[in-house]
1. Multiply the residue gap between Tyr52 and Ala8 by 0.36 nm, knock off their C-alpha separation, and tell me the result in nm, one decimal place.
2. State the extension gain, in nm to one decimal, for the chain segment bounded by Asn141 and Arg34, taking 0.36 nm per residue of separation less the distance between their alpha-carbons.
3. Provide the FRET efficiency to the nearest 0.05 for the Leu66-Lys200 pair, computing r from the beta carbons and using R0 = 35 Å.
4. Once each part is reduced to its C-alpha centroid, what is the distance from segment 154-200 to segment 2-75 in angstrom?
5. Take the residue pairs Lys100/Lys193; Lys195/Lys229; Lys100/Lys192; Lys105/Lys193; Lys120/Lys192; Lys100/Lys195 and return only those whose Cα atoms are more than 26 Å apart.
6. Express as a percent, rounded to the nearest 5, the fraction of DSSP beta bridges in the chain (both residues included) that run antiparallel.
7. Amide H of Leu75 versus every other amide H placed in the peptide plane: which residues, excluding those fewer than 5 positions away on the same chain, fall under 5 Å?
8. Extension gain Arg239-Lys130, at 0.36 nm per residue separation less the Cα-Cα distance, in nm?
Amino acid sequence: MIPSILWAAYFFGSSAFFVTIAALVCLFTAPFDRNRRLVHLYASVWGMVYIYTNPFWRVKYEGRELIDPRRTYVLVANHQSYWDILILYGLYKPFKFVSKESIFKMPFIGFNMILNQYVKIERGNLASIKVMMATCKDWLNRGASILLFPEGTRSEDGEIHNFRDGAFRLSVDCNVPVVPIVIDGTFDIMSKKSKRLNFKADMTVRVLPPIDPNDFDRSSGLMRKHVHKLMQENLDGIRGKTRLIADNSR
């Protein structure tokens, strides 16, 4: 546990410095950057510092060019670990995170969430969910992309579980494409039930082509099922399961 405690001290200690710079970036750019894209870019660099400073955390990005920063999307990613948030910053693309309310209460990190105007949600609270959906629609209509974890919480086993409908309803209602993002390897760093960090892991972030809601008769349910299947197939592909299944069938 000692290395994990030392890393936590480094994380929160350095965050006190980084969030001060974030506040200054926000102060000077907010008047002309209404969607706070520059503050998010700074947060992306800040988040990736923690990945770059450990040479044994290796991340491979695939398809990053499929996200056009000039367009608006609903980005959806599977959720293996808290480290998903850090490596998604490594896309260096503008978006608003949808995150549970407790993250906004974390020292320094929560203030950064507020500066970036990310969207909070209290899980299980219907009123909070309605406010979250309305806030997301407002950002999408303003041209700001939204990133959600459609599973609603971190996976307990590293696999992709059932998706909730909210992200796909936003896509249909605001007529913006969904961009699926498949993450693998972050579960190995710290699983949902673990308190210890693994300081060696190979991670992959695979961006899939945008999916137009009009191709599914504007049905959020059909989109949800298609995206879930597509992401599961790609997760299997990243892990080599597709090749193994093909070999075993011969």
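1. On the way: separation 44, 0.36 × 44 = 15.84 nm, distance 1.59 nm.
Extra length from Tyr52 to Ala8 when fully extended: 14.2 nm.
2. Details: separation 107, 0.36 × 107 = 38.52 nm, distance 1.30 nm.
That works out to 37.2 nm of additional length.
3. The computed FRET efficiency comes out at 0.75.
4. Rounded to whole Å, the Cα centres lie 18 Å apart.
5. Lys195/Lys229
6. 20 percent
7. Ile146, Leu147, Leu148, Val179
8. 35.6 nm
The values are calculated or read from the model by the stated rules, or taken from the named source; none is laboratory data. Nothing here was measured: the structure is a model prediction, and the numbers come from that model. Because the Cβ atoms are built from the backbone with ideal geometry, glycine has one as well, and the counts that use them run over all protein chains shown. What goes into the accessible areas is simple: the full protein's heavy atoms, side chains included, and nothing from ligands, DNA or RNA. Shrake-Rupley method; radii C 1.70, N 1.55, O 1.52, S 1.80 Å.
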